[in-house]
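A short write-up of the structure that comes next.
The values are calculated or read from the model by the stated rules, or taken from the named source; none is laboratory data. Quick caveat: nothing in here was measured; it's all calculated off a predicted structure. As a convention, Cβ positions derive from the backbone with ideal geometry for all residues, glycine included, and neighbour counts pool all protein chains shown. These area figures cover heavy atoms from the full protein model, side chains too; ligands, DNA and RNA do not enter into them. Shrake-Rupley method; radii C 1.70, N 1.55, O 1.52, S 1.80 Å.
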Amino acid sequence: MPEPDGVPKPVRIGLLGRGNVGAAFAELLAERAGAVEAATGRRPEISGVLTRSEGDFGAILERSDLIVELIGGTDPARDFVLDAMRAGRPVVTANKQLLAKHGDELFAVAREAGVQLRFEAAVAAVIPIVRTIQESFGAAEIARVFGIVNGTTNFILSEMAARGASYEEVLAEAQRLGYAEADPSEDVNGADAAAKMAILARLAFHTPVGLDQVSSEGIEAIAPDDLAYAKELGLSLKLLGVAERREGGISVRVFPCFLYGGHPLAPIQGSFNAVTVQGPAMGEVTMSGPGAGGLQTASAVLGDVVSILAGEAPVHETREELPIVADVPSAFYLHLEVADRPGVLARIATVLGDHDVSIKSVVQRGTGEEARLVMVAHECLESRFAAAVAALGELEDLRAAPRYIHVIEEQE
């Protein structure tokens with residue numbers, strides 16, 4: 001509302017959290033306040049900051065028009081966000097865990113209070129995938145959403161492949177460059193990507209998806225020789241998140257995955273993210289951009305602030321409840337360390353054949369104690385392949401437990 005002298009009243013923003021992203025947001029907001037005013041007619045300003053040692057939430061809420069939550073975690077972030085919306089304040093958050101675990105409650109309160117809840121920065125940093133799914137494709141049928149949604153792991157896998165370096169060596173470099181936290185567990189074990197895929201699945205399919213319904217694997221067990229052999233097979237490795245319609249339900253998974261060179265996500269290197277949306281009407285749309293860094297995330301937060309000031313947007317609403325399909329088809333890379341003696345390959349082929357697992361390609365390397373077989377299996381149900389691997393593990397011909405990684409078989 002304009003002041004008596006005709007000057008628009010500033011938008012007062014309560015900032016919860018001043019860590020890496022919070023500090024970057026405050027600096028970016030000050031730098032771009034004039035541009036925001038030019039775009040929306042309202043000039044934003046920080047009216048209060050809450051940290052562990054500074055500020056009072058109640059006082060900040062009272063003197064704010066909009067709340068930006070960047071403290072992370074679910075406690076006390078959940079209470080702060082709910083209280084803010086119930087008090088009539090729109091909220092912008094980058095908190096993927098909060099949305100993945102408490103999305104139903106948050107969206108319900110936003111609708112009841114008639115306020116916006118924006119969270120573009122919670123998924124894929126600067127890529128506007130949330131806005132695209134909610135608004136551009138809001139009325140479209142989406143069949144599949146998949147992508148690289150964790151910049152830290154993509155950097156690690158890219159560097160391991162390029163240099164032949166170990167996981168531990170590249171992780172240390174990622175921490176030094178600021179791509180990985182001091183405790184990188186949620187990135188490398190797949191939990192961060194799983195939370196993002198729960199959010200994207202919810203938006204794409206308009207169905208409740210809890211974090212505990214997302215199957216996830218990390219990259220900690222990836223070895224340099226897996227990447228070396230994959231190059232010979234024309235493959236590159238990514239930590240992939242996939243949410244797709246399957247047999248009247250949906251499947252939501254995160255897993256390390258080899259891609260053929262023709263796949264749209266195969267060229268994505270370093271700390272970049274990329275997300276592809278597929279559907280009957282839109283075909284296939286892929287967006288990519290930086291996926292790690294405080295400034296990039298802060299930029300997405302500022303974009304949400306501008307969206308709120310520019311006008312109303314729909315709050316996500318559940319349309320149906322779809323079952324989770326756990327057992328889905330996939331192709332696989334299989335790495336076997338074997339004893340170099342007659343009949344080994346035949347015995348392995350027999351076990352795979354008994355489980356209806358067919359092989360697309362085989363690479364054999366080394367002799368004696370260094371003998372290895374590397375295979376790519378055609379697509380089959382994951383449960384069937386897992387049973388075949390368990391049976392292979394019983395063979396006396398193997399010198400170590402089998403290693404296997406998903407493969408996206410189609411070359412798009």
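For the reader, a short list of remarks on this structure follows.
- Accessible heavy-atom area order of SER47, SER64, highest first, probe of 1.4 Å: SER47, SER64
- What you get for the chain, charging only the Cβ of Lys and Arg (+1) and of Asp and Glu (-1), is a dipole of about 640 debye around the Cα centre.
- Accessible surface for the stretch 140-207, divided over its residues, is 32 Å² per residue with a 1.4 Å probe.
- Near-label residues of the stretch 311-335 by backbone N, under 19 Å of a point 7 Å along Cα→Cβ of ASP212: 321-327
- Selection from LEU336, LEU240, SER307 lying farthest towards where the dipole of the chain points positive, charges on Cβ: SER307
- The stretch 151-169 and the stretch 75-116 have Cα centres spaced 36 Å apart.
- Couplings 3J(HN,Hα) of the stretch 98-115, computed from phi: 4, 5, 5, 8, 10, x, 4, 5, 5, 5, 4, 5, 4, 5, 4, 7, x, 10 Hz, in residue order, whole Hz [Karplus 6.51 cos²θ - 1.76 cosθ + 1.60, θ = phi - 60°; x for Gly and Pro].
- Each residue, SER358 and SER166, gets one label point 7 Å from its Cα in the Cβ direction; the gap between the two is 4.1 nm.
- Of the accessible area of the stretch 1-80, computed with a 1.4 Å probe over protein heavy atoms only, carbon and sulfur atoms account for 48 percent.
- Folded to 0 to 90 degrees: helix 191-205 orientation relative to the chain principal axis, Cα: 70
- Residues in the stretch 19-105 average 46 Å² of solvent-accessible surface per residue, probe 1.4 Å, ligands and nucleic acids excluded.
- Area accessible to solvent at ASP83, 1.4 Å probe radius, in Å²: 70
- Dipole moment magnitude, nearest 20 debye, the stretch 76-129 about Cα centre, only Lys, Arg, Asp, Glu C-beta charged: 80
- Mean separation of Cα pairs under 8 Å and 6 or more residues apart, divided by the residue count, gives the stretch 230-281 a relative contact order of 30 percent.
- Remark: the stretch 321-412 carries 49 Å² of accessible area per residue (probe radius 1.4 Å; ligands, DNA and RNA excluded).
- Between the stretch 240-256 and the stretch 183-211, the Cα center-to-center distance that results, in Å: 11
- Amide hydrogen neighbours beyond the local backbone of GLY190, cut-off 5 Å, H modeled: ILE219
- Lys/Arg +1, Asp/Glu -1 at C-beta; the chain dipole; positive extreme among ALA77, GLN213, VAL285: VAL285
- Packing-based order for 274-283, 119-128, using average beta carbon neighbours within 10 Å, highest first: 119-128, 274-283
- Cβ crowding within 10 Å averaged over residues, with 353-363, 139-149 ranked highest first: 139-149, 353-363
- Heavy-atom accessible surface of the stretch 83-151: percent carbon and sulfur, 1.4 Å: 45
- Bins of 10 Å, starting at 0 and running to the largest distance - Cα pair percent for the stretch 106-150: 23, 45, 30, 3
- Over the chain, the fraction of Cα-Cα pairs per 10 Å bin, rounded to whole percents and listed from the shortest bin up, is 5, 21, 28, 22, 13, 7, 3, 1, 0, 0.
- Put GLU135, GLU396, GLU31, GLU159 in order of accessible area, highest first, and with a 1.4 Å probe you get GLU396, GLU31, GLU135, GLU159.
- Burial order of peptide ranges 196-206, 12-22 (average beta-carbon count within 10 Å, highest first): 196-206, 12-22
- Of the accessible area of the stretch 279-412, computed with a 1.4 Å probe over protein heavy atoms only, carbon and sulfur atoms account for 50 percent.
- LYS9 - accessible surface, heavy atoms, 1.4 Å probe, Å² rounded to 10: 80
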